[in-house]
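Accompanying notes for the structure given below.
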Amino acid sequence: MTGERNEGGRSSARGRPEATSHAAIEQAAFTLFAERGFARTTLDAIAEAVGVSRRTLFRYYQSKNDIPWGQFDRTLDHFRDLLSEQADDLPVHEAVHRAVVEFNRFPADAHPPHRERMRLILTTPELEAHSVLRYAEWRQVIAEDVARRTGARPGDLVPQVAGHVSLAISLSAYAAWLAEPDAETVPLLDIIDAAMAGLRLYLGVET
């Protein structure tokens, strides 16, 4: 995906169009995060590294805290699609299980690497409050699908429990994966698959 240009494609003060992409911003930001730490990396420094103005940067990300999460709205849309693609006659726990595993399938050559992204998100104190908001959105996607499958409302107990339990299982799986010295020794999807098997304890009986 290519980034936006200035209005009418006009050149910036540096004599060239200000065009970039989400990927370019993330790669530059993660390089700076690794060099300086998240807290010491400013939006101005990221904009300078990308070669755009701070104003242009805000067209792509509303805050520095949003950058580690990538294009999260699109990610949630993808998650909704994965859940809706699961056959309606599957047990609820199995449908959620399969969708969560597929949701966490990332290319090995992703830039920044998925392991680096998740380590930053899960271990950076400055991101904790922002992550709570993102987790709530992720849980709600599951709650909505479980509600559809069970004839409940998204705010009812079982759909909400399904979202909370799935998040707790996923975060525990990521913690185990990040604790592995070599990511290839125990693949992430194997850990998530094994962990999500426990969801049947909560959703094994249709309601």
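Annotations for the structure displayed:
- Placing T31, T150 in order of accessible area, with the largest value first and a 1.4 Å probe, yields T31, T150.
- As a fraction of the 1.4 Å probe accessible area of segment 39-133, surface on carbon and sulfur atoms comes out at 49 percent.
- Label point 7 Å beyond Cα of R40 along Cβ direction - residues of segment 60-87 with amide nitrogen under 19 Å: 64-65
- In range of the label at S131: residues from segment 143-175 whose backbone nitrogen is under 14 Å from the point 7 Å along Cα→Cβ: 167-175
- Charge dipole of segment 112-207 (Cα centre as origin; +1 on each Lys and Arg Cβ, -1 on each Asp and Glu Cβ, all else neutral): 320 debye, rounded to the nearest 20.
- Mean Kyte hydropathy of 0.5 or more with a Cα span along the axis of at least 24 Å, helices from DSSP in the chain: 157-179
- A protection proxy built from the mean count of other Cβ atoms within 10 Å ranks the segments 62-71, 118-127, most packed first, as 62-71, 118-127.
- Considering helices alone, the calculated mean residue ellipticity of the chain at 222 nm is -19000 deg cm²/dmol, with DSSP H runs of length four and up weighted by -39500 (n - 2.57) and normalised per residue.
- Kirkwood hydrodynamic radius (C-alpha pairs) into Stokes-Einstein, segment 76-161, 20 °C and 1.002 mPa s, D in µm²/s: 150 µm²/s
- Computed lengthening from R74 to A110, 0.36 nm per intervening residue step minus Cα-Cα distance: 11.3 nm
- Each 10 Å bin from 0 upward holds the following percent of the Cα-Cα pairs of the chain: 8, 30, 30, 20, 9, 2, 0.
- For the chain, a simple Cβ point-charge model (Lys and Arg +1, Asp and Glu -1, everything else neutral) yields a dipole of about 820 debye relative to the Cα centre.
The values are calculated or read from the model by the stated rules, or taken from the named source; none is laboratory data. Everything quoted here is computed from the prediction, not taken from an experiment. Note: ideal-geometry Cβ built from the backbone for every residue, glycine included; neighbour counts use all protein chains shown. Quick note on the areas: whole protein, heavy atoms, side chains included, nothing else; ligands and nucleic acids left out. Shrake-Rupley method; radii C 1.70, N 1.55, O 1.52, S 1.80 Å.
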